[in-house]
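The values are calculated or read from the model by the stated rules, or taken from the named source; none is laboratory data. No experiment lies behind these values; they were computed from the predicted model shown. Cβ coordinates were reconstructed from backbone atoms using ideal geometry, including for glycine residues, and neighbour counts include every protein chain displayed. Protein only, heavy atoms only, side chains kept; ligands, DNA and RNA dropped before computing areas. Shrake-Rupley method; radii C 1.70, N 1.55, O 1.52, S 1.80 Å.
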Amino acid sequence: MCLTIDININLREVEEKIRVAALKAGRDAKDIQLIAVTKTVEPEIIKKAIEYGVKHVGENKVQELLRKYEVIGDQVQWHMIGHLQKNKVKYIIDKVALIHSVDSYDLALEIDKRAKKSGLIMKCLLQVNVSGEETKYGVSREQAKDLLKEISKLHNIHIVGLMTMAPYVEEAKETRACFESLKELSLEIEKMGLHNIQMKYLSMGMSNDFEVAIEEGGTLVRIGSKIFGERNY
């Protein structure tokens with residue numbers, strides 16, 4: 001974990017890279033939202049990042065999100081970016097701004113039920129396993145449209161885009177194809193005109209590939225180690 005004094009420098013460097021990647025793609029950097037991924041990062045470090053301008057924080061695990069939420073509360077918008085089990089939905093439904101990892105109808109149904117009970121409309125992304133890797137969660141590209149047709153009939157869950165995780169590879173060509181594919185899928189879904197389904201966001205790109213993701217249309221980039229330093233597991 002880097003010293004807190006480095007976080008400000010790291011953030012400014014990441015923001016500059018976002019700006020340059022957006023410019024290269026003929027886009028406005030203001031349309032790209034940085035989500036600081038705080039896996040293994042303690043609340044006092046997160047507070048420093050907030051002081052330096054972080055407004056959105058992403059967590060992979062429900063228990064970690066809850067632990068940090070107790071300390072930080074609504075100073076930031078919280079994103080659930082990791083795999084979400086049905087039995088954990090009730091703990092975060094009133095705490096997160098966006099769930100990135102809807103990957104089944106059963107999970108969508110549970111989110112819908114819990115959101116209704118809390119008087120909320122829960123914004124979510126459909127997680128798509130574009131690369132087809134067995135180690136990754138998400139629906140296949142082929143399943144996505146049929147699943148969204150079913151989810152569109154629910155009232156308290158609002159799908160506002162797609163999320164994917166590209167393969168971790170040295171060569172950007174492979175990740176680019178993955179991001180291109182997700183963008184294409186989002187355009188195909190948009191044309192379907194499904195009720196309650198919007199393609200406003202593409203959550204793609206992490207510390208190693210966010211610039212490529214931005215060039216291919218990413219709007220939410222999930223960055224951890226480039227801000228907080230390499231993880232200590």
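Just to check your reading of the model, which residue among 149, 123, 191, 145 is at pLDDT 95 or above, at negative phi, touching a strand residue (DSSP E or B) at 6+ places or on another chain (Cβ under 6 Å) and open to solvent by 20 Å² or more (accessible area, probe 1.4 Å)?
Selected residue: 123, the only one of 149, 123, 191, 145 that is at pLDDT 95 or above, at negative phi, touching a strand residue (DSSP E or B) at 6+ places or on another chain (Cβ under 6 Å) and open to solvent by 20 Å² or more (accessible area, probe 1.4 Å).
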Among the residues of the range 126-141, the number that are without any contact (Cβ under 8 Å) to a residue 24 or more places away in the chain and surrounded by 14 or more Cβ atoms within 10 Å (Cβ to Cβ) is 0
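Could you tell me which of the residues 74, 112, 103 is open to solvent by 80 Å² or more (accessible area, probe 1.4 Å) and not basic (Lys, Arg)?
Exactly one of 74, 112, 103 is open to solvent by 80 Å² or more (accessible area, probe 1.4 Å) and not basic (Lys, Arg), namely 74.
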Could you grab me the full set of residues in the range 175-229 that are in a strand (DSSP E or B) and farther than 19 Å from residue 32 by Cα? 197
For the range 169-188, pairs from a residue that is under 15 Å from residue 129 (Cβ atoms) to a residue that is among the basic types (Lys, Arg), with Cβ under 8 Å and 6 or more apart or across chains, are 181/141; 185/141
So, in the range 81-96, exactly how many residues are without any contact (Cβ under 8 Å) to a residue 60 or more places away in the chain and in contact with a Lys or Arg (Cβ under 7 Å, 6 or more places away or on another chain)? 4
Please pick out the residue among 66, 23 that is surrounded by fewer than 19 Cβ atoms within 10 Å (Cβ to Cβ) and without any contact (Cβ under 8 Å) to a residue 12 or more places away in the chain. 23
